[in-house]
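*Asks:* This is the structure, below, for whatever I ask next.
The values are calculated or read from the model by the stated rules, or taken from the named source; none is laboratory data. What you see is a predicted model, and the numbers here were worked out from it, not measured in a lab. So basically every Cβ, Gly included, is an ideal-geometry build from the backbone, and we count neighbours across all protein chains shown. When the accessible area is computed, the model is the full protein with side chains, heavy atoms only, and any ligands, DNA or RNA have been set aside. Shrake-Rupley method; radii C 1.70, N 1.55, O 1.52, S 1.80 Å.
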Amino acid sequence: MTHRSPFSAQIVGTGTYLPEKILTNKDLEKTLETSDEWIRARTGIEERRIAAKDESSSTMAVKASLQAMKEADVAAGQLDMIIVCTSTPDILYPSTGCFVQKGLGAVNAAAYDISAVCSGFIYGLSIAEQYLKSGRLETILVVGSEVNSRIMDWEDRSTCILFGDGAGAAILKRTETQSPKGILSTHIHSDGSKAEMLCVPGGIGRERISSLAAEQKQYTLKMAGGATFKSAVKRMTEAAIEALEFNGLVKEDVSLMVPHQANKRIIDAVAKHLDLPLEKTFVNINRYGNTAGAAIPIALHESREEGRVKDGDLVLITGLGAGLTWGSALIRW
Ligand code: UT7
C-alpha cells in the first residue's frame, strides 16, 4: 500500500569528483594479457580514473559534495545527515562519513557510512527518503565515493580492468507540501547467500590482518564474473519493474534510465528486458569503468549536465552490487 506523506524528498543539487589520472585500456595492455579491443567489446570501458596517493574516499567525497551543495545553495551547517556510500572506507573506523563531516565543517550533521557496495547510493537515497518524508529531517547529503584501485588485484585481468575511482553526491531536501516532484519511491533488496560471488574475502573482523593473507591476495576483490553478470541483469530488471508497478507507471512514462555502470552489456540487456529504447539509458562507463557506490550519482550528475534530465522528467535508477544487494528508485524531476 502506498503511504502518502505530507512531505516530498527532492534532489536539489548534484556533484562529482573524478581524479585527474586516467588509466586507459592501452595502458593496461602493457602489464596484462589483455587488449583494448577485448575490454571495449566485453565491457564498454575505454578508460578509468585512478586516485592520487593523497586522495581517499573522504577527500573525493568532500569535493563532490561541495559541488552539490553549491547548486543546492546549502551551507555545511544546514546538513542534518551525511550518508557516505562506500566499500573503500578511509580506515576501519571511524566512518568515512565522520571524515567527510570534518572536511565540510558540517557540525550539525549525523554522519555515517553504509556498506551496500554498488547499490550503496540507492540504499542511501532510500534512507534519506524516509527521514525527509517522515518530516524528521530537512537536509541530507548522500555521497558515493570509492578508491577501487586500492582493492584491485592488478594481476587479475578479469577484475582489475573493470573498476575505477571517483565520487558523486546529491543533496536532498524536504519540501513542506506534497509535490509531484521528488523521489516517488525506493526499493532495496539483499541476498546474503550470494555473499561470496563478489567480495574482498580478508578482513580484520574475521581474521587478524597478516602478511600471509596479503600474499594470498585476501585483501583484493574477487568476483565470479559470469554469475554476477546474470544476477545483475535479472535483479536490475526486476527492481525497475517493481518501482514502475509500485507507482502505477509504465515503461513509456520513463524519460531516462540511469543504471549502475558495471558493464555496458548489462545495461543493454536490462533495457532490452524492460523494452526501453537505448536512447533512454544513460551510459558513461566508457570513461570511468565501474566506480561502485559512486557510479549512479556520477551518472545522475552527468545526465543532468548533458541536459538529458528536464523538469517533469521521470528518472529510473536501478543497480546491483556485492552482497548481493540491489534496488531501484523512481524520481520525478
Ligand atoms: O558492480 C557489480 C556488478 N559487477 C558486474 O556486474 C560485473 C559482471 N561481470 C562482467 O562484467 C563480465 O562477466 C566480465 C567482464 C567480468 C567477463 O566477461 P565475460 O564475457 O563474461 O568473459 P568470461 O569471464 O566468460 O571470459 C571469457 C574469456 C576467458 O577466456 P577463456 O577461458 O574463454 O579462454 C577469460 O579468461 O575471456 C578471458 N578474459 C579476458 N581476455 C582478455 C577475461 N578477462 C579478460 C581480459 N582480457 N581482461
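*Asks:* In segment 268-282, how many residues are buried (at least 18 other Cβ atoms within 10 Å of the Cβ) and in contact (Cβ under 8 Å) with a residue 40 or more places away in the chain? Outline the logic, then answer.
*Replies:* We begin by selecting, within segment 268-282, every residue buried (at least 18 other Cβ atoms within 10 Å of the Cβ); these are 269-271, 274, 276, 281-282.
With in contact (Cβ under 8 Å) with a residue 40 or more places away in the chain added as a condition, the list becomes 270.
Of the residues in segment 268-282, 1 are buried (at least 18 other Cβ atoms within 10 Å of the Cβ) and in contact (Cβ under 8 Å) with a residue 40 or more places away in the chain.
*Asks:* I'm told GLU55 meets every condition in (1) in a loop (DSSP other than H, G, I, E, B); (2) crowded, with 24+ Cβ neighbours inside 10 Å except one. Can you identify the failing condition by its number?
*Replies:* GLU55 satisfies every listed condition except (2).
*Asks:* Testing LYS102 on (1) modelled with pLDDT of 95 or more; (2) outside any helix (DSSP H, G or I); (3) open to solvent by 20 Å² or more (accessible area, probe 1.4 Å), one condition comes back false. Which one is that?
*Replies:* (2)
*Asks:* Could you figure out which of (1) on the phi < 0 side of the Ramachandran plot; (2) open to solvent by 10 Å² or more (accessible area, probe 1.4 Å) isn't true of GLY307?
*Replies:* Of the numbered conditions (1) on the phi < 0 side of the Ramachandran plot; (2) open to solvent by 10 Å² or more (accessible area, probe 1.4 Å), the odd one out for GLY307 is (1).
*Asks:* Right, something else. Limited to segment 134-160, what total is found for residues that are surrounded by fewer than 22 Cβ atoms within 10 Å (Cβ to Cβ) and of a type outside the set (Asp, Glu)?
*Replies:* 12
*Asks:* Which numbered condition in (1) more than 30 Å from ASP268 (Cβ to Cβ); (2) out of contact with any helix residue (DSSP H, G or I) (no Cβ under 9 Å at 6 or more places or on another chain); (3) of a type in the set (S, T, N, Q) is the only one that THR31 fails?
*Replies:* With respect to (1) more than 30 Å from ASP268 (Cβ to Cβ); (2) out of contact with any helix residue (DSSP H, G or I) (no Cβ under 9 Å at 6 or more places or on another chain); (3) of a type in the set (S, T, N, Q), THR31 is out only on (1).
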